Amino acid sequence: MKFPFIIMPEMSERQLWRYRNHIDSDASGWHRRWTESIWRRHQHPSNARLSGWNSPEDQKRRLIHFYDEYGVEGRSFVLRNTYLWMSVSLPEEDIIEYETVIREGLREGEWRAEGAEAEMTDIYRACAVAESTPFYEVIDDLVKRDLIVGPVITNNFDCLCADRGLQEVSLRRYDWGPYYPQIEYDPRARSLLVVGVHADRRLVQMRARDRGLKVVFVDPERYVGPDGRIIEYPVEAPQNQDFFVRATAEEALPRLHQYLLKSNGAN
């Protein structure tokens with residue numbers, strides 16, 4: 001793979017503006033020009049159903065750590081550098097089979113990851129061209145009416161809240177900073193609205209409950225995979241006192257918007 005790898009050969013003026021103001025920025029607490037993640041799969045009694053764990057002799061584990069740097073060269077959106085580290089632990093009888101599969105795959109590809117570059121960077125391309133949806137219009141309107149207060153706590157790449165001038169606090173923090181950012185809750189807040197197909201955000205919800213806020217989930221608990229398959233994705237660690245709306249944001253937010261406007265006598 002040669003660097004810089006071109007993701008988008010020609011960015012529009014709006015896309016360049018978004019890059020300069022929101023991607024090449026650490027205003028949310030995470031500088032989006034760099035992305036880093038640790039992906040872990042392991043066998044343990046706590047995840048026996050999904051990992052196939054049966055006994056302490058089950059020792060399968062895979063750790064993947066990656067780090068990417070993005071940028072703009074001229075008007076092209078590019079991947080400047082990338083780093084990948086992988087650690088695999090397997091029972092002895094599985095190691096030879098695993099090595100054989102890896103070597104055959106590399107040999108067939110002539111030791112190159114052809115085609116993987118575009119797939120690997122597609123999420124950043126999609127974020128660079130993303131446009132707002134009615135969901136963001138609802139959030140923006142409720143913020144302007146002081147019916148939503150405080151920052152938008154987000155894990156998203158797309159900068160769509162920042163595009164509208166809304167304050168964002170990013171949860172994408174790794175070894176360069178605190179895992180959980182300091183969040184200043186607005187004293188007027190009475191609930192935490194948790195929207196969308198989720199990742200593990202239990203610390204956010206726990207801190208909100210500790211402050212006496214009602215946690216309100218809007219989550220379909222499923223998503224559509226690239227192949228069109230419905231993938232079940234249950235919410236992690238909801239509590240009995242939480243309020244749950246099992247729906248997509250597109251379905252639920254317009255109804256919530258109208259309810260809040262009516263309840264507060266707004267037009």
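All of the numbers you see were taken from the coordinates with simple rules; none came from a lab. Note that the coordinates shown come from a computational prediction; the quantities given were computed from them, not determined experimentally. No Cβ is skipped: glycine too gets one built from the backbone with ideal geometry, and neighbour counts run over all protein chains shown.
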(Q) Out of all DSSP beta bridges in the chain, what portion is antiparallel? Express it as a percent rounded to 5. (A) 70 percent
Q: Show the residues, 5+ positions off or on another chain, whose built amide H is closer than 5 Å to the amide H of residue 247.
A: 219
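How about segment 183-267: which trypsin sites (Lys or Arg not before Pro) there lie in a loop by DSSP and see at most 12 other Cβ atoms within 10 Å?
Numbers: sites: 188, 190, 201, 202, 207, 209, 211, 214, 222, 229, 246, 255, 262; in loops: 188, 190, 201, 211, 229, 246.
Here the sparse-neighbourhood loop sites are 188, 190, 211, 229.
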Q: State the answer as a single residue: which of 30, 43, 101 lies farthest towards the positive end of the charge dipole of segment 5-129, with beta carbon charges of +1 for Lys and Arg and -1 for Asp and Glu, about the Cα centre.
A: 30
(Q) Give me the dipole magnitude in Debye, nearest 20, for segment 52-94 about the Cα centre, with unit charges on the beta carbon: positive for Lys and Arg, negative for Asp and Glu. (A) 340 debye
Q | Among 79, 256, 171, residue whose mean-square fluctuation peaks in a GNM of the chain (springs only between Cα atoms under 10 Å) | A | 256
Q: In a Gaussian network model over the chain where Cα atoms closer than 10 Å are linked, find which of 218, 88, 138 has the largest mean-square fluctuation.
A: 88
**Q.** Label corresponding to Cα Rg over 2.2 N^0.38 Å when calculated from the structure given, among [x] 1.17; [y] 1.02; [z] 1.09
**A.** [x]
Q) What angle, in degrees between 0 and 90 and rounded to the nearest 10, separates the Cα long axis of helix 134-144 from the longest principal axis of the Cα atoms of the chain? A) 50 degrees
Q: Compute the long axis of helix 116-129 from its Cα atoms, compare it with the longest principal axis of the Cα atoms of the chain, and write down the angle in degrees, 0 to 90, nearest 10.
A: 10 degrees
Q: Compare the Cα positions of 74, 193, 85 along the charge dipole of the chain (+1 at Cβ of Lys, Arg; -1 at Cβ of Asp, Glu; about the Cα centre) and return the one farthest towards the positive end.
A: 193
Q: Go through 134, 265, 220 and say which Cα lies farthest out towards the positive end of the charge dipole of the chain; charges sit on Cβ, +1 for Lys and Arg, -1 for Asp and Glu.
A: 265
(Q) Quick check for me: using +1 on Lys/Arg Cβ and -1 on Asp/Glu Cβ, what's the dipole size of the chain about its Cα centre, in debye to the nearest 20? (A) 1080 debye
Q | Antiparallel bridge percentage (DSSP; both residues within segment 193-262; nearest 5) | A | 35 percent
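Which ordering of 106, 160 is given by a fewest-first count of other beta-carbon atoms within 10 Å? Intermediate results must be reported in sequence, preceding the final value.
Values: 106 12, 160 23.
The fewest-first ordering by Cβ neighbours comes to 106, 160.
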Q | Test item: Cα-centred dipole of segment 5-129, Lys/Arg +1 and Asp/Glu -1 on Cβ, debye | A | 640 debye
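Which longest run of the chain has no exposed loop site in it, a site being chymotrypsin sites (Phe, Trp or Tyr not before Pro) in a DSSP loop with at most 10 other beta carbons within 10 Å, and the site itself not part of the run?
1-110
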